[in-house]
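To start, the structure itself, in structure tokens.
Please treat every number below as a calculation from the coordinates, not as lab data. Small disclaimer: the values here were computed from a predicted structure and weren't measured. Counting neighbours? That spans all protein chains shown, and the Cβs are built from the backbone with ideal geometry, glycine included.
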């Protein structure tokens, strides 16, 4: 199967959200991680009510984290321009000047089992994020003949997932999505894994 289907999926998703660019990834959390790595972020603010993989990124990336009591809906900001938009599904909802990561996990509106996308508007970031998601390589040619210059993380979306996404996208656009809010998640600060020693 060709990687072209991934580019086609990225274009259709970007069009739906009204974002100039999109890079498909294997999950939303990895999309957020790539943005934090690319921007060399030193601190994130995380709502107490969210999915637990997000605050775990602070430990993984060795960055500082501050809990917030934000009562969010649809999305929230981790930094001034990195947004966790895992549950967002709304046409033309891209926030200009940001990096928004959306989830296609099985419970999300566009349910692909796994997957996500980074939405952004800086052309120069497309090549960087694409290579970071593909082990530092250009996906259009064999990695063995490339001089790899970018550290990458094997976080790309598979062609099979992108193909499923293109197939399910028209129905997802027609249907009304569930409206997720912060109370759909427990208070993570009550979990032992997040308690300070």
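To the nearest 0.05, how large is the calculated FRET efficiency for residue 71 and residue 153 if R₀ is 30 Å and r is the Cβ-Cβ distance?
The calculated FRET efficiency here is 0.40.
Which peptide among 66-74, 188-196, 13-21 comes first, and what is the full order, when sorted by highest mean count of other Cβ atoms within 10 Å?
13-21, 66-74, 188-196
Order these by the 10 Å Cβ neighbour count, fewest first: 126, 106, 9.
106, 126, 9
Taking 8 Å as the Cα distance limit and 6 or more residues as the minimum spacing, I'd like the relative contact order of segment 4-189 as a percentage.
The normalised contact order for segment 4-189 reaches 29 percent.
Kirkwood hydrodynamic radius of the chain from all distinct Cα pairs, in Å?
Computed over the chain, the radius equals 17.1 Å.
With springs connecting C-alpha atoms under 10 Å apart, model the chain as a Gaussian network and identify which of 62, 147, 40 has the largest mean-square fluctuation.
Of 62, 147, 40, the most mobile in the Gaussian network model is 147.
For segment 138-185 and segment 55-99, what is the centre-to-centre distance using only Cα atoms, to the nearest Å?
18
Sort 87, 5 by Cβ crowding within 10 Å, fewest neighbours at the top.
Least to most surrounded, the residues fall as 5, 87.
Using Cβ counts within 10 Å as a stand-in for footprinting exposure, how do 158, 98, 50 rank, fewest first?
158, 98, 50
Calculate, in nm to one decimal, what residue 191 and residue 53 gain on full extension: separation in residues at 0.36 nm each, minus their alpha carbon distance.
48.4 nm
Using 7 Å Cα-to-Cβ label points, what is the residue 38/residue 4 separation (nm, one decimal)?
A separation of 2.5 nm, rounded to one decimal place.
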